[in-house]
Each structure stands twice: as C-alpha cells, then as structure tokens.
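What follows is one structure encoded as structure tokens, with my remarks underneath.
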Amino acid sequence: MTTPTMEGVSSAGPADEAPANTVTAAAEAGAGATRPELLLIDDEPFQLKILGRQFANLGFDRQTCFTDARAAMALVAKEPGRFGLLACDLHMPLMDGVEVVRCLGELGFRGALLLISGEDIRVLQTAERLARAQSLQVLGAVKKPVPVTALRTLLASLLRDSPPSSIQTPQKAKGPAAAPLDTMTLALAISNGELVVHYQPKVSLDSARFLGVEALVRWQRPGGELMGPDHFIGLAEEQGLIGALTDDVLARSLAQVRRWSDRGLQLQVAVNVSMLSLVDHQFPDRVLSALQTAGVPASKLVIEVTESRLVHEQVRTLDVLTRLRLKRVSLSIDDFGTGHSSLSQLHDMPFAELKLDRRFVTGAHANSSQQAIVGPTLEMAHQLGLHTVAEGVETLEDWRWLQARGCAAAQGWFIGRPMAADRLLGWLAEWDTRRSSLIG
Ligand code: G
Ligand code: G
Ligand code: MN
C-alpha cells in the first residue's frame, strides 16, 4: 500500500499494479487502464493523507503530494507532461486554489483537474467555471469530506477519456476614452489626501438593527466645494487612477471601521469597486494588505460591484471575485436591475448579497410595476440564498412594504443620508429612539 508523502516526495508504485485491497475500486474506475500519475495539493497534511489513501484505493498509486502549492506549480512547470491528474484544495494560505488554476492555465497544463474544498458549493462551482475558462480539463469539484462514491464517479469520467473543453479567449477591455482636462488635478487630489469618505447606514428590516455602512467617496475641493463621485469616478477609470482611488477609499474606510471598533461599535463597511479592479489580479492581495494594515478582519468588509457591468465581464472577474471570497470578504451585487442580467446568470458567481437599485425601490409601495419587479426578485434572491438590501428607501410606506415582502435590509434617506464619519454615533443614538416603532 502506498502512502502519500509530504512536500513533493512522490511515492511511486508499479504503474499497473493496484494495491491488493483495492482491486474492485480500481476496476470500477476503468478496468485495465493505466492510472495517470497524480499530483495532490492540500495545505492540511492530515487531509492530504486521507485524500492520498482515497485515490490509492481507486488505483492511483503514483502520487506526489504538496502542502505548498507554489512548490507543486514549480514541479508542473519543470515537468509539464508528467501528471495526468491534479487534485487541489481551494482555501490555502500561501497560494490558493484560484491562483493554482490561473497558474495551470498559464502553464498550459493538459492533465485533468479535480477541485476539492470545504468551501460552500457555490464557491467550488465558481472555481470550476474559472478553470474551464482557462481551457483546463476539469473533472469537477467536490466538497470535503469527499465521499468515495463522488470521487469514483468523477474519476470514471476521466478514464472514459473526455474531450478537452473549448478554448475561450478573454474579451478585450474597453479602450480609454478621450483624455479629459483635469486628470492631473485628480491625481494630485488623490495623493494630497483630498478625497473624503461619507458613510450611509444600512439596517435590517425585521428588527431595525444597525448592520453597517456603505462608504461613498467625495472630493473635498480646496475651494470648499464637496464634489460627488459621479463627477470624477469615470475620469479616474479612463485615466488609470481608479486603482489609486480605490486603495485610498479602502484604506480610509477600514481605518474608520477600526476607530469605530475601538470605541465599541462593531459594523461592516461596504466599499464600491470599479469593474477595472475586478480584472486586476493584484487587487485581492491589495485588499488583504489594506485589511491587515487597518487591523480589521476580512469578514467586516463587503465589496460592492455594479451589476450592469458585471455580466459583460463575467469570466474575467471570476478570478478576483473568487479569491476575495476565499479571503472571507463578502461580495455584493450593486444597483441590481439596472443591467440586463438575470439572477440565473449571476447565481454562479460567489455573491452573498443583492442590492436592489433605488429606481425600483423608491415609491414601490404605491407603484404596481415596481412591485412586479421587486417582489419576484426578492423571492428568487432568497431562494438562491442571497442577503437582500433595498436601496433608496425614502418613506415609512416603502419601509413597511419591503418589510412585508421579506426584504432583509434597507438603506436610504428614510434611515439616514450619507454622512461624515463623526456623525455616525449621533445618528445611531437617534435611530435607536426611532427603532421600536419600525419593528415588523
Ligand atoms: O455617493 P453617491 O451618493 O453620489 O454615489 C454615486 C455613485 O458613485 C454610486 O453609484 C456609487 O456606487 C459610486 N461610488 C461612490 N463611492 C465610490 C467609490 O469609492 N468607488 C467607486 N468605484 N464608486 C463609488
Ligand atoms: O452605490 P450606489 O450606486 O448604490 O450609490 C448609492 C447612491 O444613492 C448614492 O449616490 C447615495 O447618495 C444615493 N442615495 C442613497 N439613499 C438614497 C435615497 O433614499 N434616495 C435617493 N434619491 N438617493 C439615495
Ligand atoms: Mn453601492
């Protein structure tokens, strides 16, 4: 019986000789077939051992095991044709499963791939789609603990010699628009610290409990004028300044969350992120380092992504979105209803929350066409396990209407307008006095 060994020490048995006690399993996996050599990656030595045994029981007795995916990738780079099967965990600290998938794509790995993880099934499925988009031959994704039957089924399909998946080429990013006039002014504003962040509260609809805030950037012009994001986000995106802007907003928002936390106020902050950040492979690592610098756990951060632009870039954003999710950052679909995506298109992506655009929300209690959109969207979102937030709640009537429809949370002028950080505690005290009359 072969036992897997750590850190790339392979345990090779004779290629065609299945261990005596696994003849039946091996026969089920494909009688007479030569098992390809297996590369197994999991950061947990114990898991690695269990998986190694499960594969050995199915006749995969040539195994090389790694707890560090980086070392495994170095070996694949060195010996590209060696491994016919690679099984990999997703949540690993040094190099995660999404990075492995990306690396395998870059290396043109031709073997079969199996993703194994304790993550929820939607994360697994997203990682699987990402791997297919990289033209990798994906057998499937299985949740830990791995049932032997599931493993057998997936490996049986490998031995039936499935055709390689088709190659998808990523779409080109939109080219920059004509250069507007004040790029330099905006660049200087960011580096001079002229951006400020205002915060709009978000509360639960059933208990009216305070949940967190959305960070909304403004530009404090030296003349005293406070400029809204609609005037400069587009420019920042066109002129390559959006990365710096987002980093600045993230750092400010997380530092503020830390200050609130130090004063005993626990909350989540939602930061709006441009589509350009979601196709930037460095983005998840920058988010992680911003969290570390501020000393804020990832679970306190929500990243909001505008729906209308999401569907067009679905595949290209999966890498970054899945990695953010693996790092425990929550993902939210913003302005839902403004694009033309259906929930079925988005449900394969690793989102935890859906924010209904205020166009459908404001005035919904008295408007039957808004109701025809909001009602079923809420129902479907709940069936998909998404947390729902209504934006643009301006009146008590809309609050009550949404409450009756089971919407989970609300944001809008009825609750509180975007405000400077130092006003939040005052708002909260006032909210506490209003709460009791609003509970459903
Ligand atoms: O803040 P306002 O209240 O005006 O927001 C207008 C729009 O600007 C919203 O769609 C919001 O998502 C976007 N926005 C606000 N802050 C940021 C930010 O920090 N980054 C990006 N990319 N968009 C933002
Ligand atoms: O990120 P998003 O596109 O959702 O930006 C929220 C925007 O909506 C911000 O510009 C914010 O100022 C605005 N807003 C927030 N609450 C309300 C509201 O109740 N009514 C209206 N009209 N606008 C709102
Ligand atoms: Mn938003």
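The values are calculated or read from the model by the stated rules, or taken from the named source; none is laboratory data. Since the structure is predicted, the reported quantities are computational estimates derived from the model, not experimental observations. Note: ideal-geometry Cβ built from the backbone for every residue, glycine included; neighbour counts use all protein chains shown. Quick note on the areas: whole protein, heavy atoms, side chains included, nothing else; ligands and nucleic acids left out. Shrake-Rupley method; radii C 1.70, N 1.55, O 1.52, S 1.80 Å.
So the check is Cβ under 6 Å with 6+ separation or different chains; which pairs have a first residue in the stretch 376-400 that's over 20 Å from Gly212 (Cβ atoms) and a second one that's at pLDDT below 95?
Final answer for the pair search is Met380/Leu343; Leu384/His347.
Within the stretch 254-287, restricting attention to residues that are closer than 19 Å to Asp335 by Cβ and hydroxyl-bearing (Ser, Thr, Tyr), which residue is farthest from ligand 1 (Cβ to nearest atom)?
Ser277
Specify the residue that is most open to solvent (accessible area, probe 1.4 Å); the eligible residues are those in the stretch 90-104 that are in contact (Cβ under 8 Å) with a residue 60 or more places away in the chain, of a type outside the set (D, E, K, R) and outside any helix (DSSP H, G or I).
Applying the filter and picking the extreme gives His91.
Mind listing just one residue for me: the one in the stretch 358-390 that is open to solvent by 20 Å² or more (accessible area, probe 1.4 Å) and in contact with an Asp or Glu (Cβ under 8 Å, 6 or more places away or on another chain) and, of those, nearest to ligand 1 (Cβ to nearest atom)?
Here the residue is Arg358.
If you go through the stretch 301-313, how many residues are more than 12 Å from Met275 (Cβ to Cβ) and in contact (Cβ under 8 Å) with a residue 60 or more places away in the chain?
Count: 1.
Please specify each residue of the stretch 105-126 satisfying the condition of being over 20 Å from the mean Cα position of the chain (by Cα) and either acidic (Asp, Glu) or in a helix (DSSP H, G or I) (or both).
Correct list: Glu106, Leu107.
In the stretch 404-440, which residues are within 16 Å of ligand 2 (Cβ to nearest atom), farther than 28 Å from Trp219 by Cβ and open to solvent by 40 Å² or more (accessible area, probe 1.4 Å)?
Arg434
Residues that are more than 16 Å from ligand 3 (Cβ to nearest atom) and open to solvent by 40 Å² or more (accessible area, probe 1.4 Å): list the helices (runs of 4 or more DSSP H) wholly contained in the stretch 205-324 that include at least 3 such residues.
Result: 242-262, 283-294.
As an exercise: evaluate Leu396 against (1) surrounded by 14 or more Cβ atoms within 10 Å (Cβ to Cβ); (2) away from ligand 3 (no atom under 16 Å from the Cβ); (3) not charged (D, E, K, R) and give the number of the one condition it does not meet.
The number of the failed condition is (1).
Six or more apart or on different chains, Cβ atoms under 8 Å: show the pairs whose first residue is in the stretch 314-325 and on the phi < 0 side of the Ramachandran plot and whose second is of a type in the set (Ser, Thr, Tyr).
Partner pairs satisfying both residue conditions: Leu318/Thr126; Val320/Ser277; Leu321/Thr126; Thr322/Thr126; Arg325/Thr126.
Assess whether Phe351 counts as being under 28 Å from Leu324 (Cβ atoms), outside any helix (DSSP H, G or I), open to solvent by less than 40 Å² (accessible area, probe 1.4 Å) and aromatic (Phe, Trp, Tyr).
Answer is yes for this residue.
As an exercise: evaluate Ala87 against (1) of a type in the set (A, V, I, L, M, F, W, C); (2) open to solvent by less than 30 Å² (accessible area, probe 1.4 Å); (3) more than 23 Å from Arg325 (Cα to Cα) and give the number of the one condition it does not meet.
(3)
Within the stretch 50-71, is even one residue open to solvent by 60 Å² or more (accessible area, probe 1.4 Å) and hydroxyl-bearing (Ser, Thr, Tyr)?
Checking the stretch 50-71: not a single residue is open to solvent by 60 Å² or more (accessible area, probe 1.4 Å) and hydroxyl-bearing (Ser, Thr, Tyr).
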